[in-house]
1. What's the total number of residues in region 454-484 that are over 18 Å from Lys497 (Cβ atoms) and not charged (D, E, K, R)?
2. If Leu239 meets every condition in (1) in contact (Cβ under 8 Å) with a residue 40 or more places away in the chain; (2) under 21 Å from the mean Cα position of the chain (by Cα); (3) closer than 22 Å to Ser365 by Cβ apart from one, which number is that one?
3. Name the pairs: first residue in region 13-32 and among the aromatic types (Phe, Trp, Tyr), second residue surrounded by fewer than 20 Cβ atoms within 10 Å (Cβ to Cβ), Cβ to Cβ under 8 Å, at least 6 apart or on different chains?
4. Listed residues Ile236, Ile241; which is open to solvent by 30 Å² or more (accessible area, probe 1.4 Å) and touching a helix residue (DSSP H, G or I) at 6+ places or on another chain (Cβ under 9 Å)?
5. Going by the conditions given, is Gln315 farther than 30 Å from Thr50 by Cα, more than 13 Å from the chain's Cα centre (by Cα) and either hydroxyl-bearing (Ser, Thr, Tyr) or assigned to a helix (DSSP H, G or I) (or both)?
6. In region 99-123, how many residues are polar (S, T, N, Q), in a helix (DSSP H, G or I) and surrounded by 11 or more Cβ atoms within 10 Å (Cβ to Cβ)?
7. Looking at Cys195, Cys180, Cys210, which is the one that is assigned to a loop (DSSP other than H, G, I, E, B), modelled with pLDDT of 85 or more and open to solvent by less than 10 Å² (accessible area, probe 1.4 Å)?
8. I'm checking my understanding of the structure. Among residues of region 401-435 that are assigned to a loop (DSSP other than H, G, I, E, B) and modelled with pLDDT under 75, which one is farthest from Ser238 (Cα to Cα)?
Amino acid sequence: MSKRKLKILTIAEKVNVIHMVEHSGKKNYEVANAFGIPSSTLSTILKNKTKILTNFKLQPSRKKIKLSEFPNLDSSLFKWYVQCKDSNLPVSGPILKEKANIFAKSLGYTNFKNSTGWLDKWKKRNNITLRKPCSGNLSNSSVSKDQHCIKWKNDILTIINEYSPNDIFNADEMGIFYRCLPDSTQQLSYGEDDCRDGKRSKERVTVLLCTNMSGTEKIKPLLIGKPTKPRCFRGIKSLPIDYESNPKAWMTAFLWNKWLKQFDEKLFMENRKIILFIDNCTAHVIVPNLKAITIKFFPTDSTSKLQPLDHGIIQNFKVFYRKEVIRKITSHIELQCTISIDLLQAVRITDKSWRQVTSEIIANSFKKAGFQHPGTLVQTIPSYQEPYQEKNHPEWSYIKQKYNLMPEFTFNSYVKIDDNLTVCSNLNDSEIISAEVAGLTKCTHDNDRDDYSTSRKVAYKEATRALEILRDFIETTEGMDNIHFEALGTIEDAMDKIKHTEKL
């Protein structure tokens with residue numbers, strides 16, 4: 001009897017095994033036979049599920065998961081390396097060895113011996129290849145990156161085929177100058193400021209958007225501002241989106257951890273399993289023990305080509321946001337009121353703009369990024385539709401005249417004014433070490449307050465009268481359809497429920 005040949009699976013293959021067990025409906029022995037492994041090996045893979053999925057990000061081509069003798073040092077150096085890559089900073093072997101010595105000393109590793117052999121093993125563990133920059137061969141570099149994208153897309157098809165399009169999600173952040181009005185003087189100063197500190201940092205927010213591949217489930221946006229308790233929120237008890245804060249209005253590891261766990265708990269209660277694609281932003285730390293979400297990271301140097309949100313979803317959201325600001329400006333001018341946009345209005349505009357992004361735009365953005373699910377028919381339309389053509393809208397012409405805008409400052413310029421805003425912070429050495437030693441810790445909030453007025457409490461009788469006026473307006477206006485009357489009925493039901501609750 002011949003001895004059975006030992007088969008060693010890569011981490012990527014082990015991930016596929018886990019997905020097949022959880023999503024294919026096949027029995028365990030059938031999955032084991034499909035991959036040519038014994039049932040005992042399958043049991044071991046399922047037992048080590050969390051470790052396998054965690055390491056898949058860093059070393060998908062490895063045969064085995066080999067833990068470092070100095071895991072905190074390993075992780076700290078990798079985080080620092082990713083930040084350098086994201087900032088297009090050159091990194092060489094000697095630089096990495098010097099930084100490793102600094103981290104080892106800070107972590108108290110007195111027996112750490114920094115050698116070329118250790119560095120080679122570290123690079124192999126983390127799937128890192130250091131290449132010398134070559135300015136004379138940019139076209140080859142571009143071809144290599146394109147080939148990398150094609151390979152990644154082919155590899156990921158085997159994973160997404162195990163999920164319904166309704167359970168394939170993408171999440172990403174963007175920065176917005178929420179108070180920015182369309183005058184050319186501001187346009188120049190906003191465009192030249194990265195808003196890390198100073199006055200402009202109070203005028204920007206970060207918004208996290210998340211949606212599934214079919215466009216049928218747009219998750220409630222998360223808006224991150226600077227004030228912990230904005231004055232304009234006083235008296236507000238219900239918001240259409242989530243609000244968080246930190247001193248720089250950026251996404252942080254703590255906020256990401258909090259948002260992801262809440263999303264995971266919601267999915268778990270619905271008895272769902274989804275896959276979430278995200279970039280390698282330093283705030284996107286690995287969150288252990290997720291019950292319903294499998295995380296998949298985009299390659300560090302190809303996110304803009306592979307991420308669906310970057311293929312039209314975010315751009316369309318920003319178009320709708322700026323369009324709503326213009327509508328507010330013209331409305332205030334007609335009412336002879338001063339226009340001012342505070343955080344509460346930014347929350348409302350964000351909610352309305354996200355609702356206006358259609359499922360067709362979302363589905364086609366996923367398709368453009370390479371997420372083609374078998375059997376899914378998607379209309380072929382541009383993922384970036386221009387819902388606001390300047391020549392067809394007198395409002396923009398009026399705004400250009402009102403603010404005396406320069407001819408070259410178009411509506412598209414206004415939309416792109418905050419395209420390059422920073423949305424998450426790079427960690428300095430001490431912050432990297434602290435995160436490794438202490439884990440995720442809650443950030444300290446400042447006590448800045450928003451500049452604008454508070455909302456007054458509205459009595460039930462006032463709200464009832466306002467609803468009656470709104471109903472009269474809809475009924476006496478031509479062209480209103482069923483959706484408007486359904487909205488009135490929904491609000492009316494909610495008010496009746498509140499009235500009944502207050503009487504109890």
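1. Qualifying residue count for the region: 13.
2. Just one mismatch for Leu239, condition (3).
3. Sorted first by the residue in region 13-32, then by its partner, the pairs are Tyr29/Ser39.
4. Of Ile236, Ile241, the one residue that is open to solvent by 30 Å² or more (accessible area, probe 1.4 Å) and touching a helix residue (DSSP H, G or I) at 6+ places or on another chain (Cβ under 9 Å) is Ile236.
5. Against the criterion (farther than 30 Å from Thr50 by Cα, more than 13 Å from the chain's Cα centre (by Cα) and either hydroxyl-bearing (Ser, Thr, Tyr) or assigned to a helix (DSSP H, G or I) (or both)), Gln315 qualifies.
6. 2
7. None of the others qualify; the one that does is Cys180.
8. If we take residues in region 401-435 being assigned to a loop (DSSP other than H, G, I, E, B) and modelled with pLDDT under 75, then Asn428 is farthest from Ser238 (Cα to Cα).
The values are calculated or read from the model by the stated rules, or taken from the named source; none is laboratory data. This structure is a prediction, so every number in the text was calculated from the model and none was measured. Virtual Cβ from ideal backbone geometry, glycine too; neighbours counted across all protein chains shown. Each accessible area value is taken on the protein alone, full model and side chains, heavy atoms only, with ligands, DNA and RNA left out. Shrake-Rupley method; radii C 1.70, N 1.55, O 1.52, S 1.80 Å.
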